[in-house]
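Asker: Before I ask anything, let me first share the structure, which is written out below as structure tokens.
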Amino acid sequence: MPKKVKQGTVVSDKMEKTVVVEVAEHKTHKKYKKAMVFTKNYKVHDAQNKSKVGDVVTIVESRPISGSVRFVLDKVVEEAK
């Protein structure tokens, strides 16, 4: 089974080796057919602490690293300004 890959924005980098990434998902409402945006926060393992708040990053699903960390930082797509 392939691993899930998601892209989002770093919201918080206050923890050691962990960042919080906000991923936006676009879905269509079943009844009204209106495009809606749903956001979800993921705690992501960042071993080198290389991402900062505002960076656009790619994350990959992995084995559980801690109680709430299930994703690993793959790469930084775009640096924050």
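The values are calculated or read from the model by the stated rules, or taken from the named source; none is laboratory data. Because the structure is a prediction, the values reported are computed rather than measured. Here the Cβ is made from the backbone with ideal geometry for all residues, glycine too, and neighbour counts use every protein chain on show. Accessible surface areas use protein heavy atoms only, side chains included; no ligands, DNA or RNA. Shrake-Rupley method; radii C 1.70, N 1.55, O 1.52, S 1.80 Å.
Asker: In contact (Cβ under 8 Å) with a residue 12 or more places away in the chain and open to solvent by 90 Å² or more (accessible area, probe 1.4 Å), is that true of K40?
Answerer: Taking the combined requirement at face value, the residue satisfies it.
Asker: Can you pull out every residue in region 69-81 that is open to solvent by 70 Å² or more (accessible area, probe 1.4 Å) and closer than 17 Å to N49 by Cβ?
Answerer: Of everything in region 69-81, those that are open to solvent by 70 Å² or more (accessible area, probe 1.4 Å) and closer than 17 Å to N49 by Cβ turn out to be D74, K75, E79.
Asker: Can you confirm whether S66 is surrounded by 12 or more Cβ atoms within 10 Å (Cβ to Cβ) and hydroxyl-bearing (S, T, Y)?
Answerer: For S66, the condition - surrounded by 12 or more Cβ atoms within 10 Å (Cβ to Cβ) and hydroxyl-bearing (S, T, Y) - is not met.
Asker: Checking V23 against (1) under 13 Å from the mean Cα position of the chain (by Cα); (2) loosely packed, with under 11 Cβ neighbours inside 10 Å; (3) of a type in the set (A, V, I, L, M, F, W, C): exactly one of these is not met. Which one?
Answerer: (2)
Asker: Let me ask something else about it. How do the pairs read when you match residues in region 55-81 that are more than 12 Å from V44 (Cα to Cα) with residues anywhere that are among the aliphatic types (A, V, I, L, M) and at pLDDT below 95, using Cβ under 7 Å and keeping only pairs 6 or more apart or on different chains?
Answerer: Within 7 Å, the pairs are D55/A80.
Asker: Continuing with the same structure: How many of the residues making up region 50-63 are over 13 Å from V11 (Cβ atoms) and open to solvent by less than 70 Å² (accessible area, probe 1.4 Å)?
Answerer: Here the count works out to 4.
Asker: Being open to solvent by less than 90 Å² (accessible area, probe 1.4 Å), within 18 Å of E79 (Cα to Cα) and not β-branched (V, I, T) is the filter here; which residues of region 7-20 pass it?
Answerer: Passing the criteria: G8, S12, D13.
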